[in-house]
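J.: Before I ask anything, let me first share the structure, which is written out below as structure tokens.
The values are calculated or read from the model by the stated rules, or taken from the named source; none is laboratory data. This one's a predicted model, so the numbers in the text were calculated from it and none came from an experiment. Cβ: placed from backbone, ideal geometry, glycine included. Neighbour counts: every protein chain shown. Note: accessible area is taken over every heavy atom of the protein model, side chains too, but ligands, DNA and RNA are not part of it. Shrake-Rupley method; radii C 1.70, N 1.55, O 1.52, S 1.80 Å.
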Amino acid sequence: MRADRGHLKAVLCSAKQPSPEQLKRFTQFLTEKYKRKVPITWARDDALQTGFRLQVGSDIYDWTPHGRLRQFQDYLRALRPGQEELLPLMREAVQEWDPSVSPEEIGEVLTVGSEICTVGGLEHAQYGEILLFDSGVKGMVQDLRENDLSCILFGDSQEIKAGSMVRRTGKTAAMRVGDGFLGRVVDALGIPVDGKGHIEAETHFPIESPAPGILERQPVNTPMETGLLAIDSMFPIGRGQRELIIGDRQTGKTAIALDTILNQKGKNVVCIYVAIGQKTSSIAQMVENLSRRGAMEYTTVVSAPAGASAALQYIAPYAGCALGEYFMRQGRDVLIVYDDLSKHAIAYRALSLLLERSPGREAYPGDVFYLHSRLLERSAHLSDELGGGSMTALPIVETQAGDVSAYIPTNIISITDGQIFLESDLFFAGQRPAVNVGLSVSRVGGDAQTKAMKSAAGTIRLDLAQYREMEVFTQFSSDLDDATKRQLNYGQGLMRLLRQPQYAPFSQHQQVIILVAAMGHVFGEVALDDIDDFRDALIAYIEEEAPDICRRADQTGQLFEDDREEIVALAKECLGKFRERKRGN
């Protein structure tokens with residue numbers, strides 16, 4: 001029943017008719033509560049053998065034993081004591097609990113479908129508020145209309161029937177957060193799914209919160225190194241940046257994200273991996289790989305697999321973002337991977353169509369851009385006044401046949417600060433990571449590179465672009481001049497040099513050594529099949545002969561001109577020894 005605040009009416013339900021004295025007390029209670037006289041009508045309800053239930057519009061005052069017990073349970077849940085002091089605290093709570101009834105707003109289930117429920121009577125419910133059903137299932141308000149509302153369900157919809165009661169909780173959806181989540185695998189509700197027991201949360205963060213404003217941010221100027229030479233040299237990522245990883249299915253998008261997580265070991269960076277719509281076996285294998293390499297110590301995995309409901313897949317990235325915000329607000333650096341937002345958009349589309357929202361382009365509702373913008377814009381490099389923490393986002397998007405102009409890819413490209421485009425043809429040709437130099441970009445650029453990396457990278461991107469263009473024009477030509485042949489050989493060597501096996505990220509000084517030697521044309525004198533072996537030998541040789549250069553590049557990010565000359569000289573020495581060793585074999 002919807003309350004008209006101008007003409008309030010009260011209905012008193014009980015098995016026996018109240019006495020005049022009881023009616024007088026009810027009238028006095030209502031007059032004090034609503035500052036006006038409220039007429040009372042008695043309604044017989046044989047189900048209430050003891051106590052009364054008073055309904056004033058949508059406010060419910062439940063004086064039944066069941067109602068008081070439920071209130072006491074809510075009171076105890078709010079205490080959240082430690083295990084060692086639970087019993088004394090419960091005794092104290094029983095003694096201090098005041099059984100006076102506060103109003104509850106209770107609604108009724110009108111219709112229920114797959115993961116969607118329509119509720120009437122909750123006139124004060126808010127968007128994003130959590131509702132509690134009689135069966136214990138929770139829901140979140142998604143649509144507000146004049147006479148009813150719709151919510152998505154986080155449990156089994158078969159346990160909910162039309163006519164069931166629904167209670168407001170007055171709380172918006174929140175994620176349990178704390179250091180205890182590091183090293184754990186949890187679902188979209190923050191519940192552990194790794195079999196390692198309960199996680200003690202330190203507090204709660206709302207899964208939906210406003211992005212930091214301009215005055216709360218500072219420029220992105222610190223590298224978030226991936227350990228991948230092809231990315232750190234040409235498309236550097238900074239702490240607080242949003243860099244999209246985009247490409248067709250099975251082109252190595254997740255591999256780039258995992259290598260980036262592995263490369264944060266020992267750098268005091270908290271990593272969060274949000275798996276959306278993936279096979280459970282794939283998530284388990286990924287967790288095993290991270291554990292084996294010691295990366296789970298600083299990583300949390302939020303799992304919303306393909307078998308999870310669309311509602312859980314929908315809130316999973318927001319839950320992971322809330323956990324990341326907790327660490328960011330503590331002044332720490334966070335890396336969060338959303339794998340992938342294509343499946344997230346599909347889950348949201350399914351919910352939206354069930355909620356009868358009008359579909360638009362490619363059947364997505366019109367607010368699908370806002371779906372991802374309000375998520376990704378929460379990544380930032382906070383100002384020093386707020387602790388200086390950062391959250392770097394690596395969203396992943398899947399394309400169909402390399403079509404970056406599709407609806408969801410173009411949306412997310414316009415939200416992010418650059419994209420790493422992975423090309424299928426390069427991948428199948430053995431170029432991994434299969435980064436397309438022409439379509440990839442980082443809008444932060446050199447600001448996210450150390451001076452050593454910026455100096456070492458030189459003109460590598462321009463050289464590769466020239467090589468790719470020349471390769472197209474010369475692939476059908478049989479008569480090439482010497483200059484063109486040298487340019488092609490140089491470009492082929494660079495492409496081969498950028499190949500990197502998975503789970504083998506390079507450190508800063510290793511990347512500097514490779515790039516300086518490559519820009520010095522040392523690798524041009526090495527056969528393509530020998531480049532990998534020579535690269536490994538070169539790194540080991542310079543680490544032994546010039547440890548000061550390596551230490552300076554890692555710790556200060558500096559590379560002087562004398563250092564460049566020494567690296568090139570040592571590289572030529574190493575090349576001579578490498579050739580002798582090859583001839584000896």
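J.: Which peptide among 537-546, 315-324 comes first, and what is the full order, when sorted by highest mean count of other Cβ atoms within 10 Å?
T.: The packing order, highest mean first, is 315-324, 537-546.
J.: Sticking with this structure for a sec: Rg and Dmax of region 369-453 over Cα atoms: what are they, in angstrom?
T.: According to the Cα coordinates of region 369-453, Rg and Dmax are 15.4, 49 Å.
J.: Once amide H atoms are built 1.01 Å from N in the peptide plane, which residues 5 or more positions from Glu129, or in another chain, come under 5 Å H to H?
T.: Amide H to amide H, under 5 Å and 5 or more residues apart or across chains, Glu129 pairs with Val141.
J.: What are the extents of the Cα atoms of region 467-554 along their three principal axes, listed from largest to smallest and rounded to whole Å?
T.: 46, 27, 20
J.: Could you derive backbone 3J(HN,Hα) for region 158-164 from the dihedral phi with the Karplus parameters 6.51, -1.76 and 1.60 (θ = phi - 60°), listing whole Hz in sequence and x where the residue is Gly or Pro?
T.: These are the phi-based 3J(HN,Hα) values: 5, 7, 10, 10, 4, x, 5 Hz.
J.: At q = 0.16, 0.18, 0.20 Å⁻¹, work out log10 I(q)/I(0) for region 149-190 with the Debye formula, treating every Cα as an identical point scatterer and leaving solvent out; two decimals please.
T.: Log10 I(q)/I(0), no solvent term: -0.65, -0.76, -0.86.
J.: Plugging the Kirkwood radius over Cα pairs into Stokes-Einstein for region 170-222, at a temperature of 20 °C and a viscosity of 1.002 mPa s, what D comes out in µm²/s?
T.: 160
J.: Could you work out the relative contact order of region 455-585? I mean the mean sequence separation of Cα pairs under 8 Å and 6+ apart, divided by the number of residues, in percent.
T.: Averaging sequence separation for qualifying contacts and normalising by length gives 28 percent for region 455-585.
J.: Given that compact globular proteins tend to follow 2.2 N^0.38 Å, what is the ratio of the alpha-carbon Rg of region 396-519 to that value?
T.: Taking N as the residue count of region 396-519, the ratio is 1.19.
J.: From the phi of every residue in region 232-245, what ³J(HN,Hα) in whole Hz does the Karplus formula 6.51 cos²θ - 1.76 cosθ + 1.60 yield, where θ is phi - 60° and glycine or proline is x?
T.: Taking θ as phi minus 60°, the curve returns 5, 7, 10, 10, x, 10, x, 6, x, 8, 10, 10, 7, 10 Hz for region 232-245.
J.: Rounded to the nearest 20 Debye, what is the dipole magnitude of the chain about its Cα centre when Lys and Arg each give +1 and Asp and Glu each give -1 at the C-beta?
T.: Roughly 1740 debye, rounded to the nearest 20.
J.: Among Thr299, Ser282, Gln264, whose Cα lies farthest out toward the positive end of the dipole of region 249-302, if unit charges sit on the beta carbon of Lys, Arg (+1) and Asp, Glu (-1)?
T.: Looking along the dipole axis, the top candidate is Ser282.
J.: Under the rule of at least 5 residues apart or a separate chain, name every residue whose amide H is placed under 5 Å from the amide H of Val337.
T.: Distant-sequence amide H within range of Val337: Ile272, Tyr273, Val274, Leu394.
J.: Further question on the same structure: With just the Cα atoms defining each centre, how far is region 524-578 from region 125-141? Give it in Å.
T.: 61
J.: Right, something else. Roughly what angle does helix 460-474 make with the longest principal axis of the chain, taking Cα atoms, 0 to 90 degrees, to the nearest 10?
T.: So the inclination is approximately 70 degrees.
J.: Could you tell me how many degrees, from 0 to 90 and to the nearest 10, lie between the Cα long axis of helix 482-497 and the main elongation axis, the longest principal axis, of the Cα atoms of the chain?
T.: Taking Cα atoms only, the helix is inclined about 40 degrees.
J.: Alpha carbon centre of region 278-328 versus region 340-406: separation in Å?
T.: The two parts, judged by their Cα centres, are 17 Å apart.
J.: Just the accessible area per residue of the chain, please: how many Å² with a 1.4 Å probe?
T.: 47
J.: Hey, can you grab everything whose amide H is under 5 Å from the amide H of Asp134? Only 5+ residues off in sequence or another chain; H modelled, so Pro and N-termini drop out.
T.: Hits under the 5 Å cutoff: Met165.
J.: To continue, here is another question. List, in the order given, every pair from Lys267/Lys454; Lys9/Lys33; Lys196/Lys279; Lys279/Lys343; Lys33/Lys138 whose Cα-Cα distance in the structure shown is over 24 Å.
T.: Beyond 24 Å between Cα atoms: Lys33/Lys138.
J.: If you don't mind, there's one more thing I want to ask. Can you give me the pair-distance distribution of region 302-434, C-alpha pairs, 5 Å bins, whole percents?
T.: 2, 9, 17, 19, 18, 15, 10, 6, 2, 0
J.: Run the simple label-point estimate for Glu545 and Gln22 please: 7 Å along Cα→C-beta, distance reported in nm.
T.: Computed distance between label sites Glu545 and Gln22 equals 9.8 nm.
J.: What ratio of Cα Rg to 2.2 N^0.38 Å holds for the chain?
T.: Normalised Rg, Cα atoms only: 1.25.
J.: Counting helices only, and only those DSSP H runs with n ≥ 4, report the 222 nm mean residue ellipticity of the chain as the sum of -39,500 (n - 2.57) divided by its residues, in deg cm²/dmol to the nearest 500.
T.: My calculation for the chain gives -12000 deg cm²/dmol from helical runs alone.
J.: Separate question: Of the options Gly155, Gly247, Gly320, report the single residue whose Cα projects farthest towards the positive end of the charge dipole of the chain (beta-carbon charges: Lys, Arg +1; Asp, Glu -1).
T.: Gly155
J.: Report the rotationally averaged projected area of region 119-223 based on its alpha-carbon convex hull, in square nanometres.
T.: With the hull built on Cα positions only, its mean projection is 10.3 nm².
J.: What lysines does Lys485 reach when the alpha-carbon gap must be under 27 Å and sequence neighbours fewer than 8 apart in one chain are set aside?
T.: Result set, ordered by chain and number: Lys572, Lys577, Lys582.
J.: Please give the charge dipole size of region 211-363, origin at the Cα centre, charges +1 on K and R Cβ atoms and -1 on D and E Cβ atoms. Round to the nearest 20 debye.
T.: 120
J.: OK, next. Residue by residue, what Karplus-based ³J(HN,Hα) values in Hz, rounded to whole numbers, does region 295-303 have, using 6.51, -1.76 and 1.60 with θ = phi - 60° and x for Gly and Pro?
T.: For region 295-303, the Karplus-derived couplings read 8, 6, 4, 10, 10, 10, 10, 9, 10 Hz, x marking Gly and Pro.
J.: Something else about it: Would you mind putting 185-194, 247-256 in packing order, based on average other-beta-carbon counts within 10 Å, highest first?
T.: The most tightly packed comes first, giving 247-256, 185-194.
J.: Also, quick follow-up: Mind checking the angle between helix 20-34 and the chain's longest principal axis? C-alpha axes, 0 to 90 degrees, to the nearest 10.
T.: 40
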